[in-house]
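Peer 1: I'd like to ask you about the structure that follows.
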Amino acid sequence: MFPRLLVLLLAVSLVVGVVARPSGGAGKPARYVVKPTDTLWSIASAHYSGDPRQGIWE
């Protein structure tokens, strides 16, 4: 019984792994070259409107 269950779980995992694909909901990744004087806070302030803590958290 245990070997059959193990084979079934392995097969299901394989099928899900092959069929699954990224959602694309996040959009294109943005590139940024860090300059010597940059801080995480200054980068987040420049790229996120409002409170930069949310950008830092992401």
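Peer 1: For region 28-42, state whether one or more residues are β-branched (Val, Ile, Thr) and part of a helix (DSSP H, G or I).
Peer 2: No, that holds for no residue.
Peer 1: Let me ask something else. Within the set of pairs 6+ apart or on separate chains, which have a first residue in region 1-12 that is without any contact (Cβ under 8 Å) to a residue 24 or more places away in the chain and assigned to a helix (DSSP H, G or I), a second that is polar (S, T, N, Q) and loosely packed, with under 10 Cβ neighbours inside 10 Å, and C-beta atoms under 9 Å apart?
Peer 2: none
Every read-out reported here was derived from the displayed coordinates using simple, explicitly stated rules and does not represent laboratory data. Since this is a predicted model, take the numbers as computed values, not measurements. No Cβ is skipped: glycine too gets one built from the backbone with ideal geometry, and neighbour counts run over all protein chains shown.
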